[in-house]
Amino acid sequence: MKSSLPIGDAAARFSLPTNVLRHWEDVGLLRPGRDAGGRRRYGDDDLVRIGVIVRSKNAGMSLEQIGVLLDEQAPERHRVLEEHLADLERRMADMERSRRMTEHALRCRSHDITTCPRFRAIMDEVVAGTGRWREAEEPVESGRVSTDRGVQGREAASAR
């Protein structure tokens, strides 16, 4: 398929405002062709680049990093990608800790997570400057009885 889309159609394809595509062009990430009237026309290769930029931004890459990724001549490409992988690993570990904390909060007898003795012990050390964010203990077993009626209702509904 040979595309030749105006900026509005190209932006809409990725749910972006047109000014984003103009900005990416200004910083050198895109180089769309122009028609006889000087209007931008986005071909298939441009659309692929937009897709790579969108996916890379969603993965946390900066425009500078994306520029290196898209530059076939960039000697630092592997270094940038290795640093990004390390950043992804750190963020994934943080998301896993957040998931476990949320699971605990869902099953905890305390309606306010800040009053939960286990969570509070961790936070008291962090607040005092004697501890650091650390791996939480294993999540509470899902069979644990909760006094939270919302949790009981959600558990009953999910069992249906």
Would you confirm, using the coordinates I've provided, whether residue 27 is under 23 Å from residue 81 (Cβ atoms) and open to solvent by 50 Å² or more (accessible area, probe 1.4 Å)? yes
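From the list 92, 123, exactly one residue is among the aliphatic types (A, V, I, L, M), within 26 Å of the chain's Cα centre (by Cα) and modelled with pLDDT under 85. Which is it?
Of the residues listed, the single one that is among the aliphatic types (A, V, I, L, M), within 26 Å of the chain's Cα centre (by Cα) and modelled with pLDDT under 85 is 123.
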Is it fair to say residue 85 is open to solvent by 70 Å² or more (accessible area, probe 1.4 Å), at pLDDT 85 or above and either more than 30 Å from residue 45 (Cα to Cα) or in a helix (DSSP H, G or I) (or both)? yes
Just one of 110, 98 is among the polar types (S, T, N, Q), at pLDDT below 95 and not in a helix (DSSP H, G or I); which is it? 110
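Given 60, 38, which one is part of a loop (DSSP other than H, G, I, E, B), exposed (fewer than 14 other Cβ atoms within 10 Å of the Cβ) and under 21 Å from the mean Cα position of the chain (by Cα)? Full working, then the answer.
On the way: 38 fails: under 21 Å from the mean Cα position of the chain (by Cα).
Testing whether each residue is part of a loop (DSSP other than H, G, I, E, B), exposed (fewer than 14 other Cβ atoms within 10 Å of the Cβ) and under 21 Å from the mean Cα position of the chain (by Cα) leaves just 60.
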Which members of the range 104-123 meet the condition of being charged (D, E, K, R) and either at positive phi or open to solvent by 50 Å² or more (accessible area, probe 1.4 Å) (or both)? 109, 112, 118, 120
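The values are calculated or read from the model by the stated rules, or taken from the named source; none is laboratory data. Note that this is a predicted model, so its numbers are computed, not measured. No Cβ is skipped: glycine too gets one built from the backbone with ideal geometry, and neighbour counts run over all protein chains shown. Side chains are part of the model used for accessible areas, which takes the heavy atoms of the whole protein and leaves out ligands, DNA and RNA. Shrake-Rupley method; radii C 1.70, N 1.55, O 1.52, S 1.80 Å.
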